[in-house]
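FYI, it's all coordinate maths here, none of it is from the lab. Bear in mind the structure is a predicted one, so any value in this text is a computation, not a measurement. As a convention, Cβ positions derive from the backbone with ideal geometry for all residues, glycine included, and neighbour counts pool all protein chains shown.
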Amino acid sequence: MAFVVDSRKGQEEIRRLGLEAAYQEQISRSPNAAKMLRNATMVSGPKVIRDWSYLSTEVGGDGYALVGDAACFIDPLFSTGVHVALTAGVLGAAYVTTALKDPTMREPAARAYKELYYQHYGLFS
Ligand SMILES: Cc1cc2nc3c(=O)[nH]c(=O)nc-3n(C[C@H](O)[C@H](O)[C@H](O)COP(=O)(O)OP(=O)(O)OC[C@H]3O[C@@H](n4cnc5c(N)ncnc54)[C@H](O)[C@@H]3O)c2cc1C
């Protein structure tokens with residue numbers, strides 16, 4: 001279970017309570033999360049990640065196509081991940097179908113997929 005929090009408030013809370021207690025505090029503020037985690041056991045301590053975005057240098061090639069978080073991720077605060085992943089599913093399906101139907105189209109289709117994917121990522125990053 002992960003929480004996206006305001007950077008300044010999150011840092012203050014972690015300084016005041018410690019990371020694990022700050023994490024538990026976030027859970028207790030969310031009744032649904034607390035209910036789901038009622039019987040859960042934490043197997044490793046919570047971690048903090050900030051400004052977390054990435055874009056793969058390649059999204060398709062011989063025998064593979066990357067979609068969704070495998071290809072890129074934009075800070076969850078912007079709430080774009082599901083939209084980007086679903087769009088990539090549509091673009092990726094067109095890329096894979098084209099490459100399978102006509103092997104001579106593999107490289108141009110891979111280039112078009114990458115270009116469209118990067119354009120889409122650029123809209124939100
Ligand atoms: C804290 C947080 C908050 C977020 N908030 C939002 C938000 O508000 N709005 C939004 O749009 N996005 C949000 N995102 C981003 C969004 O969740 C992701 O970008 C999106 O789910 C990516 O979809 P995906 O299909 O690529 O990956 P996932 O949704 O991660 O799906 C991958 C699936 O593959 C499965 N899997 C992994 N390995 C294997 C394997 N070897 N074999 C079979 N299956 C496997 C996994 O179990 C998982 O079900 C948030 C992300 C985080 C971390």
What are the residues in the stretch 98-125 that are polar (S, T, N, Q), surrounded by fewer than 12 Cβ atoms within 10 Å (Cβ to Cβ) and more than 18 Å from the chain's Cα centre (by Cα), if any?
THR104
Just for the stretch 59-73: of the residues that are part of a loop (DSSP other than H, G, I, E, B) and away from the ligand (no atom under 16 Å from the Cβ), which one is surrounded by the most Cβ atoms within 10 Å (Cβ to Cβ)?
ASP62
